[in-house]
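First up is the structure itself, then whatever we jot down about it.
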Amino acid sequence: MNERIVAIPDLHCPYIKKDKVALLMDRLVELNPTIIIQLGDLYDYISQSAFSKSIKMYDSSTEVMNGRLCAEEIWAAINNRCKKAKKVQILGNHDIRPLKRLVEKSPELEPFIDIKKYFEFKGVQTIHDPRET
């Protein structure tokens, strides 16, 4: 079997570079991949980082909402262009920032926290634990 794999790293929604995403969408049609893997950092969650926030950014809830809308648009566009391709998404270090911040502050609450819904998209298999790869 001749697999054609496209790997997409570090989208960092909602802080995407629209021209680069448009180029990606054009290339997907040309490449006609059988497998598409999003390699992590679908989201940025800079509002949850421990770093100085010197860039203009959204507040936390707006960043989450806009990030989700951005990710939905990207996966919908990929699904539209590559209907038959297997699609896989792996969580990256930026994706789990909110969970890490919550657990750092209140580790006893970890069993009550579920971020999986932010990574569920139609037609996409999500690997929530990088140790599964």
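The values are calculated or read from the model by the stated rules, or taken from the named source; none is laboratory data. Quick caveat: nothing in here was measured; it's all calculated off a predicted structure. Note: ideal-geometry Cβ built from the backbone for every residue, glycine included; neighbour counts use all protein chains shown. Heads up: the accessible areas ignore ligands, DNA and RNA and are worked out on the full protein's heavy atoms, side chains in. Shrake-Rupley method; radii C 1.70, N 1.55, O 1.52, S 1.80 Å.
Side notes on the structure shown:
- Convex hull (Cα only) mean projected area of the chain, reported in nm² to one decimal: 9.0
- Cysteines, the chain, no other Cys beta-carbon under 4.7 Å: CYS82
- In terms of accessible area, using a 1.4 Å probe and ignoring ligands and nucleic acids, LYS122, LYS18 rank largest first as LYS122, LYS18.
- Computed [θ] at 222 nm, deg cm²/dmol, the chain (DSSP H ≥ 4; -39,500 (n - 2.57); rounded to nearest 500): -11000 deg cm²/dmol
- Those residues of the stretch 1-40 whose amide nitrogen sits under 12 Å from the label point placed on ASN80, 7 Å along Cα→Cβ: 25-26
- 10 Å Cβ shell holding at most 15 others, DSSP loop, GluC sites (Glu not before Pro): longest site-free stretch of the chain: 4-119
- Extension gain, GLU30 to ILE113, is 25.8 nm, computed as 0.36 nm per intervening residue step minus the present C-alpha separation.
- Contact order for the stretch 2-115, expressed relative to its length and based on alpha carbon pairs under 8 Å spaced 6+ residues apart, stands at 34 percent.
- A convex hull fitted around the alpha carbon atoms of the stretch 1-51 yields 70 Å³ per residue.
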